[in-house]
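Enquirer: My structure is below; once you've seen it, I'll send some questions.
The values are calculated or read from the model by the stated rules, or taken from the named source; none is laboratory data. Since the model is a prediction, treat every value here as computed from it, not as a measurement. Ideal geometry is used to build each Cβ from the backbone, glycine not excepted, and the neighbour counts take in all protein chains shown.
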Amino acid sequence: MRIRIDLAYDGTDFHGWAMQPHLRSVQGELTAALHTVLRLPPETLRVVCAGRTDAGVHARGQVAHCDLPDGVDVEPERLARRVNGVLPPDVRVHRVAAAPDGFDARFAALWRRYAYRIADHPDVVDPLRRRYVLTHPRPLDLDAMNAAASHLVGLHDFAAFCKRREGATTIRTLLDLDWSRDADGVAVGRVRADAFCHSMVRALVGCLIAVGEGRRDPAWAGEILTAQQRDPAVVVVHAHGLTLEEVAYPADAELAARVEQTSAMRTAPEPETAG
């Protein structure tokens with residue numbers, strides 16, 4: 001039986017999602033809690049998530065799946081309550097449900113949406129939100145940042161904004177990226193893509209902050225993208241301002257096809273012809 005787990009966590013004290021020897025991780029805490037509640041021996045379960053968040057990154061809308069061994073009979077709603085009774089307070093399971101046929105938390109996802117929050121004026125700096133809002137010493141021009149973001153939306157090779165990993169592609173479809181202020185005046189960058197590579201969102205934000213401060217022209221973002229190599233002028237911003245907000249999936253009947261599609265290696269887009 002495969003189960004879907006919807007969860008949230010404060011990433012401050014975690015070394016990211018993925019389990020690492022002798023380091024605290026979200027995957028490690030959730031897996032240990034499931035083993036305890038289900039009374040299964042260690043390493044029986046493998047928990048797979050939609051997006052492996054880095055150290056310090058938070059999540060409101062993380063999704064995971066786990067395959068329960070044969071013979072384990074558990075009511076999903078009751079399992080959620082029991083797991084929450086074991087988990088530490090910085091991780092919370094919102095829902096556990098039997099996964100439909102073909103569901104895969106990672107490969108079935110249509111898109112992931114993140115938000116990056118910045119307090120760029122003393123009036124909006126709130127010490128109670130310091131764990132998930134970046135305090136920035138200079139005001140930002142969100143109109144300029146949105147103009148720069150328009151150069152980044154679409155199917156591109158985001159090598160300039162990613163830490164390369166051997167055998168992994170850096171081609172992604174950035175569906176939207178825009179900035180606005182919330183009711184308290186905090187600048188919120190919302191970014192949605194089919195998938196993200198390592199450090200991509202924080203590098204994109206670092207690029208746009210340079211534009212928002214007036215140090216770079218909005219067209220610079222497109223120049224960085226086209227170069228397809230890391231530029232030392234692009235700062236990867238702190239992790240604590242970033243939150244995974246939502247993951248979307250297709251209708252149940254389309255899950256298997258989506259998994260097959262996204263499991264295939266992405267290929268480079270054809271270059272556009274200048275008009």
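Enquirer: Look through 142, 155 and report the one residue that is within 24 Å of residue 247 (Cβ to Cβ) and modelled with pLDDT of 95 or more.
Expert: 155
Enquirer: Another one. Going residue by residue through the range 171-190, is there one that turns out to be in a helix (DSSP H, G or I) and either out of contact with any Lys or Arg (no Cβ under 8 Å at 6 or more places or on another chain) or within 25 Å of residue 12 (Cβ to Cβ) (or both)?
Expert: Within the range 171-190 (the criterion being in a helix (DSSP H, G or I) and either out of contact with any Lys or Arg (no Cβ under 8 Å at 6 or more places or on another chain) or within 25 Å of residue 12 (Cβ to Cβ) (or both)), the answer is no, since none of the residues qualifies.
Enquirer: Please work out if residue 37 is buried (at least 18 other Cβ atoms within 10 Å of the Cβ), over 26 Å from residue 247 (Cα atoms) and among the hydrophobic types (A, V, I, L, M, F, W, C).
Expert: Judged against the criteria, residue 37 is a match.
Enquirer: Any residue at all in the range 130-149 that is of a type outside the set (Asp, Glu), closer than 30 Å to residue 261 by Cβ and touching a strand residue (DSSP E or B) at 6+ places or on another chain (Cβ under 9 Å)?
Expert: Looking through the range 130-149, at least one residue is of a type outside the set (Asp, Glu), closer than 30 Å to residue 261 by Cβ and touching a strand residue (DSSP E or B) at 6+ places or on another chain (Cβ under 9 Å).
The rows are residues; the columns are (1) closer than 22 Å to residue 138 by Cβ; (2) at pLDDT below 95.
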site: 187; (1), (2): yes, no
site: 190; (1), (2): yes, no
site: 201; (1), (2): yes, no
site: 204; (1), (2): yes, no
site: 209; (1), (2): yes, no
site: 214; (1), (2): yes, no
site: 222; (1), (2): no, no
site: 229; (1), (2): no, yes
site: 233; (1), (2): yes, yes
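Enquirer: So which residues in the range 191-206 are of a type in the set (Lys, Arg) and in a strand (DSSP E or B), if there are any at all?
Expert: Selection gives 192 alone.
Enquirer: Conditions first: (1) at pLDDT 95 or above; (2) in the same structural domain as residue 246 (by TED's automatic domain parsing); (3) in contact with a Lys or Arg (Cβ under 9 Å, 6 or more places away or on another chain); (4) not polar (S, T, N, Q). Residue 164 passes all but one, so which condition is the exception?
Expert: Exception for residue 164: condition (1).
Enquirer: A further question follows. How many of the residues in the range 235-275 are assigned to a loop (DSSP other than H, G, I, E, B) and at pLDDT 90 or above?
Expert: The number of residues fulfilling the criteria is 7.
Enquirer: Determine whether the range 2-21 contains at least one residue that is surrounded by fewer than 20 Cβ atoms within 10 Å (Cβ to Cβ) and assigned to a helix (DSSP H, G or I).
Expert: yes
Enquirer: State yes or no: is residue 13 in contact (Cβ under 8 Å) with a residue 40 or more places away in the chain and in contact with a His (Cβ under 9 Å, 6 or more places away or on another chain)?
Expert: no
Enquirer: Separate question: Looking at (1) under 19 Å from the mean Cα position of the chain (by Cα); (2) surrounded by 21 or more Cβ atoms within 10 Å (Cβ to Cβ); (3) farther than 23 Å from residue 16 by Cα, which is the one condition that is false for residue 209?
Expert: Answer for residue 209: the failing condition is (1).
Matching residues to (1) surrounded by fewer than 15 Cβ atoms within 10 Å (Cβ to Cβ); (2) touching a His at 6+ places or on another chain (Cβ under 6 Å); (3) assigned by TED's automatic domain parsing to the domain that holds residue 187; (4) not in a strand (DSSP E or B):
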site	(1), (2), (3), (4)
51	no, no, no, yes
59	no, no, no, no
70	yes, no, no, yes
73	yes, no, no, yes
78	yes, no, no, yes
88	yes, no, no, yes
103	no, no, no, yes
117	no, no, yes, no
123	yes, no, yes, yes
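Enquirer: Here are the criteria: (1) hydrophobic (A, V, I, L, M, F, W, C); (2) part of a loop (DSSP other than H, G, I, E, B); (3) in contact (Cβ under 8 Å) with a residue 60 or more places away in the chain. Tell me which single one residue 148 does not satisfy.
Expert: (2)
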